[in-house]
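A.B. asks: Handing you a structure now.
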Amino acid sequence: MAQRPRTETKLDHGILPDLIGYQLRLAQLAVFRDFERTVGDLGISPGRVGVLVLVNSNPGITQSRLAEAVGLDRSTLVPVLDGLERRGLVERRRGKDRRTNGLSLTSSGKLLLGRVRRRIVAHERRMMSGMTDAEREQLVALLARLRSPA
C-alpha cells in the first residue's frame, strides 16, 4: 500500500516569533550555516576567525585582554588558543612583565586570515542582500544597543 504524504498543519509558535532572543537565535543559525558553507573547508569557526582578526589587529595582545574582547573567560579561551597554536596560526610570546604572553599571528595565520576575509566578504554580501546599506547600518546599531541596554 502506498503511503499518502502527511498534510501537516501549520505549527503554532506561540509567543516565540515576538521574542528577541528567538529571532536572534534563528538569525544566528542562518548566518552560521552560510558561514560554514562559505568558509567550512578551511576548518575554522566564526569564533576562531574573530580571535584571528583581533590578534592580527592587535599584535602582542594578552590572553586576558583577548578573552575580555571576545566575551570568554580565560579558561575557555586557552584551549582555543592551544588549538590555533598547534595549527601554526598563532604564537605566544613572552610579554613585557614576564607574567603574561603576547599573542601574534604567524605567517600561516596571516595567510589563512586573508583567505577567510575574501570569503567573508561574499558571505556578508549574501546575508545582507535583502537589505539596503542604511538598513544594514541600522541593524548593526540596534544589535550593538542590545549588548549594552540603558
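Nothing in this text is a laboratory measurement; each read-out follows from the coordinates by a stated rule. Just so it is clear, the model here is predicted, and its values are computed rather than measured. Positions of Cβ are backbone-derived with ideal geometry, glycine not excepted, and every protein chain shown enters the neighbour counts.
A.B. asks: Count the net charge of all other residues whose Cβ sits under 11 Å from the Cβ of Val78, scoring Lys and Arg as +1 and Asp and Glu as -1.
C.D. replies: That works out to -1.
A.B. asks: Return the calculated 222 nm mean residue ellipticity for the chain, to the nearest 500 deg cm²/dmol, obtained by summing -39500 (n - 2.57) across DSSP H runs with n ≥ 4 and dividing by the residue count.
C.D. replies: -19500 deg cm²/dmol
A.B. asks: If you don't mind, another one. Which part of region 18-44 falls in the paramagnetic zone of Leu111, meaning amide N under 13 Å from the point 7 Å along Cα-to-beta-carbon?
C.D. replies: What the label zone holds, given the 13 Å backbone N cut-off, is no residue at all.
A.B. asks: Taking neighbour Cβ counts within 10 Å as the exposure measure, how do Leu77, Leu54, Leu26 sort from fewest upward? Walk me through the intermediate numbers first.
C.D. replies: Numbers: Leu77 20, Leu54 15, Leu26 12.
The order, fewest Cβ neighbours first, is Leu26, Leu54, Leu77.
A.B. asks: Once you charge only the Cβ atoms, +1 for Lys and Arg and -1 for Asp and Glu, what is the size of the charge dipole of the chain about its Cα centre, to the nearest 20 debye?
C.D. replies: 620 debye
A.B. asks: Next question. Note down the Stokes-Einstein diffusion coefficient of the chain in µm²/s, whole number, using a Kirkwood radius over alpha carbon pairs, 25 °C, and 0.890 mPa s. Write down the numbers at each step before the final one.
C.D. replies: Details: Rh = 18.4 Å.
This corresponds to a translational diffusion coefficient of 133 µm²/s.
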